[in-house]
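What follows is a short report on a single structure.
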Amino acid sequence: QVSPGLRTPRLPVWLCGVPGRHGVLFGTDSRLLAHWRAERVFHLYFYGGQQEQTRTAHLTIDTHSHHWEEAPSEDACSPGKRCPALEMAIRTKWAGATVSWNGTDPFS
């Protein structure tokens with residue numbers, strides 16, 4: 001029998017399979033499960049267990065930012081550049097979201 005905690009999680013958790021990397025993408029804010037207003041700016045964490053990943057990646061997701069509000073820097077997803085697969089996976093849930101890696105090198 002499946003535990004009620006597995007059927008209805010208290011925190012948002014996704015198992016991710018991006019090319020060459022499997023892991024867990026999770027949040028610590030339970031409001032993401034029930035309140036769409038919590039989806040404005042929020043934090044997600046990714047842990048894949050690979051040897052080169054020494055700590056959990058802390059990502060900041062902004063679903064209401066616009067490209068003209070960003071700092072004039074080289075965007076990892078600009079035309080002609082390859083966007084990290086984890087960002088693309090996040091954008092399947094939050095289309096057009098801006099993903100900040102907070103000092104972590106983006107995973108390819």
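Once the Cβ-Cβ distance of Met88 and Arg31 is raised to the sixth power relative to R0 = 35 Å, the FRET efficiency obtained is 0.90. Couplings 3J(HN,Hα) of region 11-18, computed from phi: 10, x, 9, 10, 8, 10, x, 9 Hz, in residue order, whole Hz [Karplus 6.51 cos²θ - 1.76 cosθ + 1.60, θ = phi - 60°; x for Gly and Pro].
Every number in this text was worked out from the coordinates using simple rules, so none of it is lab data. From a predicted model like this one, the values you see are computed outputs, not experimental measurements. Glycine also receives a Cβ, built like all others from the backbone with ideal geometry; neighbour counts cover every protein chain displayed.
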